Structures are given as structure tokens and as C-alpha cells.
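*Asks:* Sharing a structure with you now.
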Amino acid sequence: MRALEIHRYGSAAEALRINTDAEVSAVSADQILIAVKAVSVNPVDCAIRRGYGREVFRTKGEAGDSGFPMRLGRDAAGVVTAVGSQVENFRPGDSVWTAPTVPTAADYIVVAASEAALMPQGVSFVQAASLPFVAMTVWNALVNQADLFPRSFSGKRVLITRGAGGVGSFAIQLVKAWGAYVAGICSARNVDFVKGLGADLVVDYTQQDAGVELRDFDLVLDSSFDKEKQLLDALKVNGGATYVTITSPKVRLADEFGLEVGFQKADVLLASRRAEQALLGRHYHWGFMRPSGNALGEVARLVERGQLKPLVDRIYPLEGIADAHEYCESGQAQGKIVIDMTLSH
């Protein structure tokens, strides 16, 4: 089968390789084998290709100390072709989607059954592949890290950064479906796009001072890299407001100091920031993606009800993966970039 790999860190043209002779893994009792029809390209894929997370994301135990070759891909949609002996909720022929703990950019992947769910009805494989990674990133940040639930959002004021990106565009739709007042931050070219997602307020950071425009929010979901202080200032004081970022320094610290020391430093830093915000009556969290078939099932129901829409900007064949990465790195995408594994170059 084909599998997307990197054998070194570098630019898209330098580092990306398609292995056309990769082996298909065997299926264990609690796993399913998926024939992959589409995968999405996420900014973290590009970052990993450049060397981000070299201590965290490498495929350990398979390629020595270098971590190469390393496979890419964070989510997928496809068809179940085999199930393990203990799997009861899937059968061959089921259309499924997943954001698993294993790389997904290959013709076939083996994943834990608990990390997959039936695809929402009425969407294509390409559309479905655009959602799982961003959905599980947002879901875990809000529900598991920040301990919020759908009923928590009714009437709340929520601020979301990078509103036109994959995470931001999904998050705006999700918290709007849960009843929140939503403000989105984006550039001038994306204002109409973000309004179309249902945002009640859109702030163009190129024309408006977000620090002046944005005040008294109950929640900030941050996917920026350098706006934390400004965004904290947008939160209510002594009102139980919550800040959660999906771009924490934890992985960067692990790269710089090694896993053990880096994670220790991250724990100290997180505790310090939580204590600072607690003095202001706020909650502070770092959010990370966590696979969950159950959560994907909840997202599927929202898609089927029309409350969440897949947002696909561009589609590429696997052979066009370098172009897809370069477009992702341009920061111009509205929604997601998807690789259609059934297309030929």
C-alpha cells in the first residue's frame, strides 16, 4: 500500500515521501482495519515535518533513535474492511471516520475501535475527513480539559481566535450550536466567511484593536501563538471565566529539554499560570487532541442535523501532498485541506 512518510525534517519538497511498498498491519482483537478514502492536512502535520515535536511524535521503537521514517496524518475517513474478534460496534462495509493515535495518511490503517465512529450520513468521504482532528481537538479542550458541557454554553460569551482556520471554523459552529454568543477574530479577507459560520461578532485584527473591542467574555478558545495576554484581558474578572489554548508550549519544551525535563518544566509553568488566573477568579487550561469514538458520534449527530458543516477549501491527490502542505503553510485556507486518496495525479 501507499503511506505518506518523512525520512528527514525539512520543506515539503525535501521531506515528504510516498512509500508505495508499505505493509498493512495486522488487526488485533479490539481494532478495525480501514480502507482510507480521504485524510486532511493539518497545520501540525506541517510543523512535525519541520521538526516540531521530534521528541513527542516520532514513531518510537520502529526506526531506532532517529524516529525515521515517520508517517504523517491525524485523521481519516474510509470503509471498514476487517474487524477484530472483540469488536461489536462495527462490521465490514461500514463508513467510518477517526482521529486516532496512529498516523492516518496511508491506503489502509489499523485503529482501535474505540477511536472511530460511523460517519455522518449525507456527507462524502472528503467532507468527513475534514472534521475529526479539529473536532476532537476542540471537544477535548472544552469538554475534557475545561470541564464544560453543551448545557454550559447557553447564553455564554465565547471568543475564538483564527476563526477561519480549521479549528476556529469548527469551534465557532460547535459553540453556536450549543447556544453561545460567539465572537471570532480573523483577517479582513475572512470576515464574511466567519460571519457565515454564525459568529455574532467578527473582529478584523488588521483593522480593529481586539484589546479594545473584546471585553467581558466567559470563555476564550485560543489557537494563536502570541496573543495570550491580550486574550486573557478579554475575560471577565471574578466571574469564573475560562481560557484554554491549543498551542501550549508543552511540546516545544520537550523538544528543547527532552521529554522528562521538558514535561516537568511544562507542569511548573502551567501550575504558575493557573495560580495567576485563579487570583482573578478565572480558570486556565492547555488543550490537546484526544481520540474518542463516542465524541465523534456526538459530532456526527450535529452534522446530520445541519448544525455543523464540513468546510473544505482545497482537495489534492496524495501525489500532490507537497503542494497541499505548502498551501497549508501559506495560512490562506478557509476551513480544511483534504487529500482524496482515490484521486490520481
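*Asks:* Which shape class applies to the range 1-124: rounded if a/c is under 1.5, otherwise prolate when a/b exceeds b/c and oblate if not, where a ≥ b ≥ c are the square roots of the Cα gyration tensor eigenvalues?
*Replies:* Values: a/c = 2.13, a/b = 1.68, b/c = 1.27.
Note, shape of the range 1-124 comes out prolate.
*Asks:* Per residue, how many Å² of accessible area does the range 212-297 show with a 1.4 Å probe?
*Replies:* For the range 212-297, the solvent-accessible area averages 51 Å² per residue.
*Asks:* About the Cα centre, and with charges only on the beta carbon of Lys, Arg (+1) and Asp, Glu (-1), how big is the dipole of the chain? Nearest 20 debye, please.
*Replies:* Dipole size: approximately 660 debye.
*Asks:* Also: Figure the gain on full extension for R252 and E14 (residue separation times 0.36 nm, minus the Cα-Cα span) and round it to one decimal in nm.
*Replies:* So the extension gain works out to 83.4 nm.
*Asks:* Over the range 1-158, average the accessible area per residue using a 1.4 Å probe and give it in Å², no decimals.
*Replies:* That works out to 43 Å² per residue.
*Asks:* When the dipole is taken about the Cα centre of the range 234-345, and only Lys, Arg (+1) and Asp, Glu (-1) are charged at their Cβ, what size is it in debye, to the nearest 20?
*Replies:* 720 debye
*Asks:* Once a ≥ b ≥ c are taken as the square roots of the eigenvalues of the Cα gyration tensor of the range 164-255, is the result rounded (a/c under 1.5), prolate (a/b larger than b/c) or oblate (a/b not larger than b/c)?
*Replies:* Rounded.
*Asks:* Here is a follow-up. If you wrap the chain's Cα atoms in a convex hull and average its projection over all directions, what's the area in nm²?
*Replies:* 17.0 nm²
*Asks:* Here's another thing I want to ask about it. Would you give the gap between the C-alpha center of the range 119-160 and the C-alpha center of the range 2-28, rounded to a whole Å?
*Replies:* Value for the Cα centre distance between the two parts: 29 Å.
*Asks:* Taking amide H positions as placed 1.01 Å from N in the peptide plane, with prolines and chain starts having none, which residues 5 or more places from Y108, or on another chain, fall under 5 Å of its amide H?
*Replies:* V36
*Asks:* Continuing with the same structure: Note down the magnitude of the dipole of the range 217-264 about its Cα centre, charges +1 on Lys and Arg C-beta and -1 on Asp and Glu C-beta and zero elsewhere, to the nearest 20 debye.
*Replies:* It works out to roughly 120 debye.
*Asks:* Considering only protein heavy atoms and a probe of 1.4 Å, how much of the accessible area of the chain is carbon and sulfur, as a whole percent?
*Replies:* That share works out to 48 percent.
*Asks:* Right, another one. Going down the list K195/K336; K195/K309; K236/K265; K37/K195, which pairs span over 24 Å between their C-alpha atoms?
*Replies:* Table pairs above 24 Å Cα-Cα are K236/K265; K37/K195.
*Asks:* Could you tell me the distance between the Cα centroids of the range 194-252 and the range 271-285, to the nearest Å?
*Replies:* 16 Å
*Asks:* Taking the dipole about the Cα centre of the range 1-148, with the C-beta of Lys and Arg at +1 and of Asp and Glu at -1, give me whichever of A99, A82, L33 is farthest to the positive side.
*Replies:* Checked the options; the winner is A99.
*Asks:* Largest first, what is the accessible-area ranking of T161, T81 with a 1.4 Å probe?
*Replies:* Highest to lowest solvent-accessible surface, that is T81, T161.
*Asks:* Of all DSSP beta bridges in the chain, what percent run antiparallel (nearest 5)? Numbers along the way, then the final one.
*Replies:* Details: 30 of 56 bridges.
The answer is about 55 percent antiparallel.
*Asks:* Express the relative contact order of the chain as a whole percentage, based on alpha carbon pairs under 8 Å and six or more residues apart in sequence.
*Replies:* 20 percent
*Asks:* Positive end of the dipole of the chain, charges at C-beta (+1 Lys, Arg; -1 Asp, Glu), about the Cα centre: which of V194, V143, V182 has its Cα farthest in that direction?
*Replies:* The one lying farthest along the dipole's positive direction is V182.
*Asks:* Let me ask something else about it. Taking GluC sites (Glu not before Pro) as candidate sites, keep only those in a DSSP loop with at most 13 other Cβ atoms within 10 Å, then name the longest stretch of the chain containing none of them.
*Replies:* Excluding the exposed sites themselves, the longest stretch runs over 89-345.
*Asks:* Over the residues of the range 89-145, compute the C-alpha Rg and express it relative to 2.2 N^0.38 Å. Numbers along the way, then the final one.
*Replies:* Details: Rg = 11.9 Å, N = 57, 2.2 N^0.38 = 10.2 Å.
This ratio for the range 89-145 stands at 1.16.
The values are calculated or read from the model by the stated rules, or taken from the named source; none is laboratory data. The structure presented is a predicted model; accordingly, all values stated were derived computationally and were not measured. So basically every Cβ, Gly included, is an ideal-geometry build from the backbone, and we count neighbours across all protein chains shown. These accessible areas exclude ligands, DNA and RNA; they are computed on the full protein's heavy atoms, side chains included. Shrake-Rupley method; radii C 1.70, N 1.55, O 1.52, S 1.80 Å.
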